[in-house]
Amino acid sequence: MNYEIARKKMVQEQIVARGVSDRRVIDAMLKIPRHIFVQEAFALQAYNDTSLPIGEKQTISQPYMVALMTEQLELRGTEKVLEIGTGSGYQTAILATLADRVCTAERIRPLALRARKCLDSLRLFNIMLRINDSEDSPVGWEEEAPFDAIIVTAGAPDIPKVLTDQLAVGGRLVIPVGSEAEQVLVKIVKGADGELETASSVGCRFVPLIGRQGW
Ligand code: SAH
């Protein structure tokens, strides 16, 4: 298996062909090896057009969804980004390649520790990872707010106010919103006077966001 060839094919057929056009996002998806973020047994499927199990009943998101959500964050390299749901750390690696700094939070300790190892092996050192494993851990990261971009990689019943509060003026929040079974991808932009502009795009299926702002 030549992973680099598989990755190029993934980017061309699943991402560019479906309309993702941000050159920086495309380059990051070409650069970051997805196979190191999946369990060894799934390495040969790492570049397939699908989400995959990562243990603890969680999944690494479909490559297209990672690219689409990242494109919607409109990163230019100077941003401070918050990610809720580190999971495998793959999306985190893409964000760290495209932004100045990434704060990422995960509630399942073994996943967070494995993600940390993968991210360190890629020498991505602009990432702060926090484990939110207590029942009443807040969604968000008050001490590091505001954020220029926020991405939630688990499905939420509503747009958490705590996250729009932590968005900088001009900032973008991308989050799957809907039922536990299926959601739509929602993008929220905070305007100059703090008003929120909301737009929905594609249907999607994420694992549920757990906790006070989730299920
Ligand atoms: N971007 C990840 C997606 C992982 S799935 C990847 O591609 O690998 C979503 C993750 O969100 C799971 O690991 C789950 O444990 C985590 N999660 C769910 N609710 C959370 C919460 N309230 N705070 C932090 N992480 C949460």
* Only residues in segment 91-105 that are in contact (Cβ under 8 Å) with a residue 12 or more places away in the chain and farther than 18 Å from Gln166 by Cβ count as the first member; pair them with residues that are among the basic types (Lys, Arg) and open to solvent by 10 Å² or more (accessible area, probe 1.4 Å), Cβ under 6 angstrom, at least 6 apart or cross-chain, and list the lot. => Leu98/Arg24
* Would you mind telling me which numbered condition in (1) β-branched (Val, Ile, Thr); (2) touching a helix residue (DSSP H, G or I) at 6+ places or on another chain (Cβ under 6 Å); (3) open to solvent by 10 Å² or more (accessible area, probe 1.4 Å) Ile150 fails? => (3)
* Asked: Which one of these is open to solvent by 10 Å² or more (accessible area, probe 1.4 Å), more than 12 Å from the ligand (Cβ to nearest atom), not β-branched (Val, Ile, Thr) and not in a loop (DSSP other than H, G, I, E, B): Leu68, Leu111?
  -> Leu68
* Out of curiosity, is Leu124 within 14 Å of the ligand (Cβ to nearest atom), among the aliphatic types (A, V, I, L, M) and out of contact with any Lys or Arg (no Cβ under 8 Å at 6 or more places or on another chain)? -> no
* Asked: Somewhere in segment 164-183, is a residue in contact with an Asp or Glu (Cβ under 8 Å, 6 or more places away or on another chain), within 15 Å of the ligand (Cβ to nearest atom) and not basic (Lys, Arg)?
  -> yes
* Asked: Looking only at residues in segment 82-108 that are in a loop (DSSP other than H, G, I, E, B) and under 15 Å from Ile32 (Cβ atoms), which one is farthest from the chain's Cα centre (by Cα)?
  -> Ala99
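Here's the yes/no breakdown for (1) touching a Cys at 6+ places or on another chain (Cβ under 6 Å); (2) of a type in the set (D, E, K, R):
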residue	(1), (2)
Glu71	no, yes
Leu75	no, no
Leu82	yes, no
Gly87	no, no
Ala96	no, no
Arg101	no, yes
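Taking segment 53-65 as the search range and keeping residues that are open to solvent by 20 Å² or more (accessible area, probe 1.4 Å) and more than 6 Å from the ligand (Cβ to nearest atom), which one is nearest to Val25 (Cα to Cα)? I'd like the intermediate steps shown before the answer.
First pass over segment 53-65, keeping only residues open to solvent by 20 Å² or more (accessible area, probe 1.4 Å): 53, 55-59, 61-62, 64.
Cutting the leftovers down to more than 6 Å from the ligand (Cβ to nearest atom) gives us 53, 55-57, 62, 64.
Details: Pro53: 24, Gly55: 27, Glu56: 29, Lys57: 28, Gln62: 15, Tyr64: 11 Å.
Per the stated criteria, the residue is Tyr64.
The values are calculated or read from the model by the stated rules, or taken from the named source; none is laboratory data. These numbers were taken from a predicted model, which means no experiment stands behind them. Cβ sites come from the backbone with ideal geometry, for glycine too, and all protein chains shown count toward neighbours. Ligands, DNA and RNA are stripped out before the accessible areas are found, and what is left, the full protein with its side chains, is counted by its heavy atoms. Shrake-Rupley method; radii C 1.70, N 1.55, O 1.52, S 1.80 Å.
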